[in-house]
Amino acid sequence: MTEAARAAATSPSGLSGQSAVDDLVALLDLERIEENIFRGVSPAESPVRVFGGQVAGQALVAAGRTVPVERRVHSLHSYFIRPGDPRVPIVYEVDRIRDGRSFTTRRVVAVQHGKAIFALSASFQVEEQGVEHTSEMPEVPDPESLPTWTESAKSYPLVNLKFPRPIDVRYVTEPPWESREDGPGEAASRVWMKADGKLPDDPMLQLCIMTYASDMTLLDGVLAKHGVYWGLDKVLGASLDHAMWFHRPFRADEWLLYDTSSPSASGNRGLATGRFFTRDGQLVATVVQEGLIRVIKSSPDGE
């Protein structure tokens, strides 16, 4: 691993703010151990399994390291295969599927303990001009008028209050840990989010930070629809797959509205869709994910 990543993985410098952002940037700075093989690590303070946004972001970094800088990723499709172990490094193996005149395709497999834990396919394109339109952004309050994630959650026994939060998240809709008190609600969630500090001027890094952040609140609408939340109810969940389309340039250290909803849940799986808008109303990315959602019902006698 790089020296910066080693430091971030062994001695986190803060739970939020610029130090947490710097640690995230360091964790995305993968070590190249062969021409198409890279190695990444997890933060010193991690949940029992690797955060899905982390492995997706690192896999996209690995793919991007094998593509000319003038080609920008426009889509990714991925599957979470096994839970990641935060105690050991993750090896990313890149397959250079195709290098065409306009498009480049890469496939990345993340490996731990000799087994695949994650697979990603990404497509890159040279910049082109053509027809253009965008969806209209919802009317929402400014992010500065809303409480931070920590301020919203401090009265609730949420398990991840102790972990670093390099992304500043501010709920426009009622947070699901609050809305659950009123029972099932709308299958939707809106938050403002951005890196909680300044990022380097690297367009690929902006994309990888967004990929990391996109997994943070995406399933909130599924939970809100059924009036439950992680850690407060008997809910087991995990990301199953994750797809993103990047439409326009943006900066991940400037406020982005993440407008998400859940059109369906069945078979212990919940589908969620998300749209990222800049403050001036430009749609810059679209996200779709299916997640495992198992709500364990209590027996009549309370057991």
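Answer with yes or no whether Arg275 is of a type in the set (D, E, K, R), in contact (Cβ under 8 Å) with a residue 12 or more places away in the chain and surrounded by fewer than 17 Cβ atoms within 10 Å (Cβ to Cβ). Here the answer is no, as Arg275 does not meet what is asked.
So if I check each of Thr134, Thr150, which one is of a type in the set (S, T, N, Q) and either modelled with pLDDT of 95 or more or open to solvent by 60 Å² or more (accessible area, probe 1.4 Å) (or both)? Full working, then the answer.
Numbers: Thr134 fails: either modelled with pLDDT of 95 or more or open to solvent by 60 Å² or more (accessible area, probe 1.4 Å) (or both).
It is Thr150.
Remark: pairs (first residue in the range 197-212, in a loop (DSSP other than H, G, I, E, B); second residue modelled with pLDDT of 95 or more and open to solvent by 10 Å² or more (accessible area, probe 1.4 Å); Cβ separation under 6 Å; 6+ apart in sequence or on different chains) = Lys198/Asp253; Leu199/Asp253. For the range 192-217, the set of residues classified as among the polar types (S, T, N, Q) and more than 18 Å from Tyr171 (Cβ to Cβ) consists of Gln206, Thr211, listed by residue number. Could you tell me whether Val88 is without any contact (Cβ under 8 Å) to a residue 40 or more places away in the chain and surrounded by fewer than 17 Cβ atoms within 10 Å (Cβ to Cβ)? When the stated conditions are applied, Val88 passes them.
Filtering the range 1-53 to residues that are aliphatic (A, V, I, L, M), modelled with pLDDT of 60 or more and in a helix (DSSP H, G or I) leaves Ala20, Val21, Leu24, Val25, Ala26, Leu27. Annotation note: Cβ proximity below 9 Å between a residue of the range 120-131 that is under 27 Å from Gly53 (Cβ atoms) and touching a residue at least 24 places away in the same chain (Cβ under 8 Å) and a residue that is among the aliphatic types (A, V, I, L, M) and open to solvent by 60 Å² or more (accessible area, probe 1.4 Å) (sequence gap 6+ or interchain) occurs for Ser121/Ile97. Here the condition is being surrounded by fewer than 21 Cβ atoms within 10 Å (Cβ to Cβ), in contact with a Lys or Arg (Cβ under 7 Å, 6 or more places away or on another chain) and among the small types (Gly, Ala, Ser); of Ser155, Ser75, Ser121, it holds for Ser121 alone. Just one of the listed residues (Leu199, Leu218) is out of contact with any strand residue (DSSP E or B) (no Cβ under 8 Å at 6 or more places or on another chain), over 23 Å from Glu128 (Cβ atoms) and open to solvent by less than 40 Å² (accessible area, probe 1.4 Å), and it is Leu199. Does Gly267 count as without any contact (Cβ under 8 Å) to a residue 12 or more places away in the chain and farther than 23 Å from Val55 by Cβ? In short, yes. Contact map, the range 47-63: first residue more than 13 Å from Gln112 (Cβ to Cβ), second residue buried (at least 24 other Cβ atoms within 10 Å of the Cβ) and charged (D, E, K, R), Cβ cut-off under 9 Å, separation 6 or more or different chains; pairs are Ala62/Arg106; Ala63/Arg106. Of the residues that sit in the range 108-118 and are free of Cβ contacts under 8 Å to residues at least 40 places away in the same chain and not small (Gly, Ala, Ser), which one is surrounded by the most Cβ atoms within 10 Å (Cβ to Cβ)? The extreme case among them is Gln112.
Among the numbered conditions (1) touching a strand residue (DSSP E or B) at 6+ places or on another chain (Cβ under 9 Å); (2) open to solvent by less than 20 Å² (accessible area, probe 1.4 Å); (3) of a type outside the set (A, V, I, L, M), the only one that Gly100 does not meet is (1). Filtering Asp280, Asp241, Asp253, Asp259 for residues that are open to solvent by 50 Å² or more (accessible area, probe 1.4 Å), among the acidic types (Asp, Glu) and either farther than 20 Å from Ala20 by Cβ or part of a loop (DSSP other than H, G, I, E, B) (or both) leaves a single hit, Asp280.
Looking at (1) out of contact with any helix residue (DSSP H, G or I) (no Cβ under 9 Å at 6 or more places or on another chain); (2) over 20 Å from Gln289 (Cβ atoms); (3) not hydrophobic (A, V, I, L, M, F, W, C), can you tell me which one His74 breaks? Unmet condition: (2).
Looking at this structure, is Glu178 without any contact (Cβ under 8 Å) to a residue 12 or more places away in the chain and open to solvent by 30 Å² or more (accessible area, probe 1.4 Å)? In short, no.
The values are calculated or read from the model by the stated rules, or taken from the named source; none is laboratory data. Computed from a predicted model, the values in this text were never measured in an experiment. In this analysis, Cβ positions are derived from the backbone assuming ideal geometry, glycine residues included, and neighbour counts consider all displayed protein chains. Note: accessible area is taken over every heavy atom of the protein model, side chains too, but ligands, DNA and RNA are not part of it. Shrake-Rupley method; radii C 1.70, N 1.55, O 1.52, S 1.80 Å.
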